[in-house]
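As C-alpha cells, the structure follows; a few thoughts come after it.
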Amino acid sequence: MTDLPATARSTAAIYPLALLYAIIIGFSFMFTKLALRHADPLDMLAYRFALSFALLAVPVRAGWVRMPPKRKGRPRLPLLLVSLVYPTAFFGFQSFGLDASTTSGAGILSATSPIFALLLGALLLKERASKLQLLSVLVSVFGLAIMTGISGDALRGTSAVGGGLILLSAVALALYGVMARGLRTSYSAAELSYAMMRTGCYFFVALALVRHLTQGTMSALLAPAAEPGFWLPLLYIAVMSSLVSSWLSNFALSRIEAFKVSLFVNLGNLVSILSGVLIMGDAWSGAQTIGTICMLAGVIGANYRGGKSKAAGSGEPGAGTSSSGASNDGQSGGIKVGVTGTGVAKEVSDGNKSAIALASRR
C-alpha cells in the first residue's frame, strides 16, 4: 500500500492505474446488487468495511505494509472530513440507491460525477480546464442525456428516491476527488486509504450494531454470514471496490485533476452498464450505444495531450502544460472555469515536488 516507485512517476503510468480503477468500480455495482440479495444496505456496508479495514489494519500493525512516519503539525481533521465524504457518504448513498435502482440505471446516473468534479475543482482548487477538456465533458454530458432521455428502458425499475440517492453519491464522489486532491501534498495515498477504511468501518459497524441492539434483531445481523452466496460479492466489494480502488483513486488524484479521474469513473459506469445488460439482464438500446461512444470520446478528449504539451513537459507527472497545449501561465488556450486562480499545470507541478520529496524521505 505504499506509493509506487520512481518507474511509475510519469503521467503516462497513471492512466493504466486509472483504467484499472474504472474497471473495478464498474463491476462493483453488480457485486453490490448481488450482496444486497442476502443483506440489507446497512448490514452489507458494516460487513464490507469491517472486512476492508481488517484486511488493511492487520498487515499495517504487523509492519508488513509500510506507512509514512507520522509528522507533527499536520491537522487530522481533513482526513476525517474526506473519510466522511468517501467512503461513508458515497457508499451509503450508493448502496441505498442501488437497492431501489437497476444496475445500468445506477451506472448512467453516476456518470454525472465529472460535471460536479469540474465545477468543484474550479471553485475550491481554482483549477483550469482547456477548451478541449470542457468540450469533452460536454460531449460526455450529451451522451448521458441521450442515454437517460431517450432510453427509458435503462431507467425502468429505478425509483425517484433510488435515482436521487445515486445522484447524491455522484456529488459525494466528486467532492471526495477535490478534497483528496487538495490533500495530496500533506498525505500519501496509503494514509488516505487507511483513514477512509477506518472511518467507514467504525461508522457503519456502529450504526448496524445500534440498530439491531435497539430492535433486538442481532440474529438478523449475523444471518448473511451463513449464506454461501454472500461471501463472493462481499469479498469483491470489500477488497477490490473498497480497499484497492480507494488506493488507486488516491494515487491517481495525487497526479491528475479530479475531473479527469471522474471521467475515468464514467468508463467504470460503462462497465457497470454492460455488466447489467450481459449478466443481470438489464435492457440495452441504440441510444445507449450512442451514449457509450460519447462517454469514451469525453474521456479520451479530456486526457489528450497535444504536441506542445509533450514538448513543454518536464517529464514528471502532471508537469508541463494543460491538455490543450496551454503554457504554465495559462495564456495559450486554457480557459478558466469558475473563479480566478492558478493553472492546473502549476498546481500539479507543485504537488509533484511535494510527492517526490515525501517519497525520497521514505
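Taken over the stretch 19-38, the criterion of being at pLDDT 90 or above and open to solvent by less than 10 Å² (accessible area, probe 1.4 Å) is satisfied by Ile24, Ala35. Report yes if Leu234 is under 24 Å from Pro59 (Cα atoms) and open to solvent by less than 20 Å² (accessible area, probe 1.4 Å), otherwise no. Yes.
Quick test of your reading of the structure: His212 fulfils all but one of (1) at pLDDT below 95; (2) in a helix (DSSP H, G or I). Name the failing condition by number. Only one criterion in (1) at pLDDT below 95; (2) in a helix (DSSP H, G or I) is unmet by His212, namely (1).
Within the stretch 59-79, the residues that satisfy the criterion of being in a helix (DSSP H, G or I) and open to solvent by less than 80 Å² (accessible area, probe 1.4 Å) are Pro59, Val60, Ala62, Pro78, Leu79.
Here Gly281 clears all of (1) outside any helix (DSSP H, G or I); (2) under 21 Å from the mean Cα position of the chain (by Cα) except the condition numbered (2). Of the residues making up the stretch 59-76, those that are within 25 Å of the chain's Cα centre (by Cα) and over 19 Å from Cys201 (Cβ atoms) are Arg66, Pro68, Arg74, Pro75. Considering the stretch 187-203, and only residues there that are hydroxyl-bearing (Ser, Thr, Tyr) and within 15 Å of Phe91 (Cβ to Cβ), the residue that is surrounded by the most Cβ atoms within 10 Å (Cβ to Cβ) turns out to be Ser193. Taken over the stretch 93-120, residues that are open to solvent by 10 Å² or more (accessible area, probe 1.4 Å) and more than 29 Å from Leu134 (Cα to Cα) amount to 4.
When residues in the stretch 35-58 are screened for being part of a helix (DSSP H, G or I) and over 21 Å from the mean Cα position of the chain (by Cα), 4 of them pass.
Please verify whether the stretch 193-202 includes one or more residues that are under 19 Å from the mean Cα position of the chain (by Cα) and under 30 Å from Gly301 (Cα atoms). Scanning the stretch 193-202 turns up at least one residue that is under 19 Å from the mean Cα position of the chain (by Cα) and under 30 Å from Gly301 (Cα atoms). How many residues does the stretch 284-309 hold that are assigned to a loop (DSSP other than H, G, I, E, B) and at pLDDT below 70? Total meeting the criteria: 4.
The values are calculated or read from the model by the stated rules, or taken from the named source; none is laboratory data. All values derive from a computational prediction rather than experimental measurement. Please note: Cβ atoms are built from the backbone with ideal geometry, for glycine as well, and neighbour counts cover all protein chains shown. Surface areas here come from the heavy atoms of the whole protein model, side chains and all, with no ligands, DNA or RNA. Shrake-Rupley method; radii C 1.70, N 1.55, O 1.52, S 1.80 Å.
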